[in-house]
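To start, the structure itself, in structure tokens.
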Amino acid sequence: MTLVHPTQPGRLLHGSPGHDLSWPAARAAAWEAGAHLAAHLPGPETVPLPAAAGRVLAADLRARYALPHYASSAMDGWAVAGPGPWRLPPATPAGHGEPPPLAAGQAVPILTGGALPQGTTAVLRRERGTVSEDVLTVTGGSALPDGTDIRPAGTEAGEGDLLLPRGTRLVPGAVAVAAVAGADTVPVAAPVPVRLVFTGDEVVTSGIPAPGQVRDAFGPVLPACVAGLGGTVDSTARIGDSLEATLEALDGTAARRARILVTTGGTGASPADHVRPAARALGAEFLIDGIAMRPGHPALLARFPDGRLLLALPGNPLAALVAVATLLEPALRAAAGQPASSPVPCRAAGDAPPLPGRHRLVPARWIGSGADRALAPAEHVGSAMMRGLALADALLVIPPEGLREGADACWLPLPW
Ligand SMILES: Nc1nc2c(c(=O)[nH]1)N[C@H]1C(S)=C(S)[C@@H](COP(=O)(O)OP(=O)(O)OC[C@H]3O[C@@H](n4cnc5c(N)ncnc54)[C@H](O)[C@@H]3O)O[C@H]1N2
Ligand code: MOO
């Protein structure tokens with residue numbers, strides 16, 4: 001099976017392809033640019049826990065007490081002491097309060113999560129017990145080993161255990177563990193304000209596009225990508241293909257509030273493409289001026305004199321999202337105080353011919369299982385196509401020398 005076609009002969013590339021940065025070097029440079037930005041952002045702030053979702057933790061979070069902090073019941077039923085049968089106190093309702101101690105041969109009703117009385121040796125779950133005249137027995141008479149359905153204190157964490165390292169993005173599970181561990185407020189990294197600028201006279205945002213028009217693939221998705229990587233969308237703009245509009249979009253009041261500007265389209269060298277000329281006119285330093293990768297080679301990373309980063313994504317939708325995974329992911333993660341991510345080793349399903357000097361990133365899906373698990377490139381993965389990416393599990397990274405069926409390869413997570 002052939003994964004991708006080799007370079008079409010005679011295909012023109014933007015700029016001077018010999019100067020495109022290699023894909024690994026581009027990722028490293030994007031990380032460095034983000035880390036440089038982070039060093040110039042305001043320090044961490046403390047926010048109430050309910051406002052912390054999506055933010056990045058600025059200090060290690062430790063358990064303020066053992067989890068659970070008291071021995072508790074894992075089931076609704078009875079706390080029992082010693083071997084049965086057990087005598088029940090008359091008409092004691094199950095509750096969550098501190099119960100009186102149990103002597104051997106006694107039992108008391110208990111609820112899931114309830115504190116166990118001192119002396120408890122096991123919990124008998126409701127459906128396994130029979131009560132007759134205040135005497136409780138195990139239904140069917142089987143034994144109840146000590147420790148059954150007891151959650152001992154500290155089984156999940158001891159007091160002071162590290163639960164979330166600094167740099168963790170506070171996804172719902174992380175917020176929940178912070179809450180159960182006793183956090184009321186958390187220190188989070190300063191927000192990284194991002195401005196999104198969508199270019200293109202031909203781009204329409206609703207309905208059926210006329211011939212020559214395209215439906216905007218980026219407006220509905222880039223905010224989610226930015227949030228998923230730890231950034232905050234501060235403003236958005238939609239502009240036509242003019243230099244004046246591009247200059248204003250990159251340097252107006254809203255643009256100056258942002259620390260990272262992300263543009264879509266207009267990265268080429270045609271008279272309708274204004275991102276590079278505008279960046280140059282504004283004195284930007286080009287950190288990455290094209291990447292030796294496919295798709296997405298015209299992507300650009302530049303720094304304005306005031307330190308703001310410009311990340312220019314190519315207009316072709318798959319190219320743009322591959323550039324998000326290649327550049328925005330490391331840059332924004334670094335700026336937001338998260339650790340670097342690295343490509344993950346895997347096996348590739350199928351062959352890919354060499355493409356000298358260029359990495360290829362292909363939307364791919366997992367096939368097989370166990371030792372046969374491998375990433376197989378999806379269909380519909382042309383640079384202007386979204387169908388393959390839509391159902392992909394990952395981006396398969398094909399090195400310039402290509403891949404043989406079953407060869408060791410690596411993958412990048414999708415940037416959301
Ligand atoms: N002569 C050459 N032409 C092109 C080259 C080349 O090397 N030489 N490279 C091609 C590659 S690769 C890419 S990628 C694109 C990059 O184009 P631009 O960044 O300048 O983007 P545009 O020209 O504005 O648009 C390209 C394409 O993408 C569509 N587009 C733009 N915005 C959106 C959007 N919001 N949603 C969906 N689609 C969008 C646009 O309509 C065009 O079809 O250049 C190639 N050309
Ligand atoms: O290779 Mo372009 O960057 O078509 O997508």
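The values are calculated or read from the model by the stated rules, or taken from the named source; none is laboratory data. Computed from a prediction, not measured in an experiment: that's the story for all the values here. Heads up, the Cβs are rebuilt from the backbone with ideal geometry, glycines too, and the neighbour counts pull from every protein chain shown. Keep in mind that these areas ignore ligands, DNA and RNA; they rest on the heavy atoms of the full protein, side chains included. Shrake-Rupley method; radii C 1.70, N 1.55, O 1.52, S 1.80 Å.
Structure notes:
- Residues (surrounded by fewer than 24 Cβ atoms within 10 Å (Cβ to Cβ) and among the aliphatic types (A, V, I, L, M)) located in the stretch 352-368: Leu355, Ile367
- Single residue of the stretch 323-346 satisfying the filter (in a strand (DSSP E or B) and touching an Asp or Glu at 6+ places or on another chain (Cβ under 9 Å)) that is surrounded by the most Cβ atoms within 10 Å (Cβ to Cβ): Cys346
- Ala143 being modelled with pLDDT under 95 and either acidic (Asp, Glu) or over 21 Å from the mean Cα position of the chain (by Cα) (or both): yes
- Checking each residue in the stretch 215-263 for being open to solvent by 50 Å² or more (accessible area, probe 1.4 Å), hydroxyl-bearing (Ser, Thr, Tyr) and over 21 Å from the mean Cα position of the chain (by Cα) picks out Thr236, Thr253.
- Criterion (surrounded by 14 or more Cβ atoms within 10 Å (Cβ to Cβ) and either modelled with pLDDT of 95 or more or closer than 16 Å to Thr148 by Cα (or both)) met by exactly one of Ala94, Ala104, Ala25, Ala115: Ala115
- Matching residues in the stretch 385-416 - criterion: being out of contact with any strand residue (DSSP E or B) (no Cβ under 7 Å at 6 or more places or on another chain) and open to solvent by less than 70 Å² (accessible area, probe 1.4 Å): Met386, Pro415
- Options Pro305, Pro354: the member that is assigned by TED's automatic domain parsing to the domain that holds Ala35 and away from ligand 1 (no atom under 14 Å from the Cβ): Pro305
- When the stretch 176-209 is filtered for residues that are more than 15 Å from ligand 1 (Cβ to nearest atom), closer than 29 Å to Asp251 by Cβ and part of a loop (DSSP other than H, G, I, E, B), the ones remaining, listed by number, are Ala189, Ala190, Pro191, Val192.
- Members of the stretch 169-222 found to be within 15 Å of Pro48 (Cα to Cα) and among the hydroxyl-bearing types (Ser, Thr, Tyr), listed by number: Thr185
- Check on Arg333, at negative phi and within 12 Å of ligand 1 (Cβ to nearest atom): no
- Verdict on Ala79 being open to solvent by less than 60 Å² (accessible area, probe 1.4 Å), outside any loop (DSSP other than H, G, I, E, B) and out of contact with any helix residue (DSSP H, G or I) (no Cβ under 7 Å at 6 or more places or on another chain): yes
- Residue under evaluation Ala349, criteria (1) within 16 Å of ligand 2 (Cβ to nearest atom); (2) open to solvent by less than 30 Å² (accessible area, probe 1.4 Å), criterion not met: (1)
- Thr137 being assigned to a strand (DSSP E or B) and among the hydroxyl-bearing types (Ser, Thr, Tyr): yes
- Test: residue in the stretch 334-346 that is over 19 Å from the mean Cα position of the chain (by Cα) and without any contact (Cβ under 8 Å) to a residue 24 or more places away in the chain: no
- Flag for Gly212 being open to solvent by less than 60 Å² (accessible area, probe 1.4 Å) and within 14 Å of ligand 1 (Cβ to nearest atom): no
- Which listed residue is among the small types (Gly, Ala, Ser) and free of Cβ contacts under 8 Å to residues at least 24 places away in the same chain, from Ala33, Ala104: Ala104
- Scan the stretch 140-154 for residues that are of a type in the set (Ser, Thr, Tyr), within 20 Å of Thr112 (Cα to Cα) and exposed (fewer than 13 other Cβ atoms within 10 Å of the Cβ) and the total you get is 0.
- In the stretch 370-385, the residues that are more than 15 Å from Ala348 (Cα to Cα) reach residues that are modelled with pLDDT of 95 or more and away from ligand 2 (no atom under 14 Å from the Cβ) with C-beta atoms within less than 7 angstrom, at least six apart or across chains, in these pairs: His380/Arg387.
- Among residues of the stretch 193-207 that are acidic (Asp, Glu), those with a beta-carbon under 8 Å from a residue that is part of a strand (DSSP E or B) at least six positions away or on a different chain give the pairs Glu202/Val214.
- Where Phe198 falls short, out of the listed (1) within 19 Å of His274 (Cβ to Cβ); (2) out of contact with any helix residue (DSSP H, G or I) (no Cβ under 9 Å at 6 or more places or on another chain): (2)
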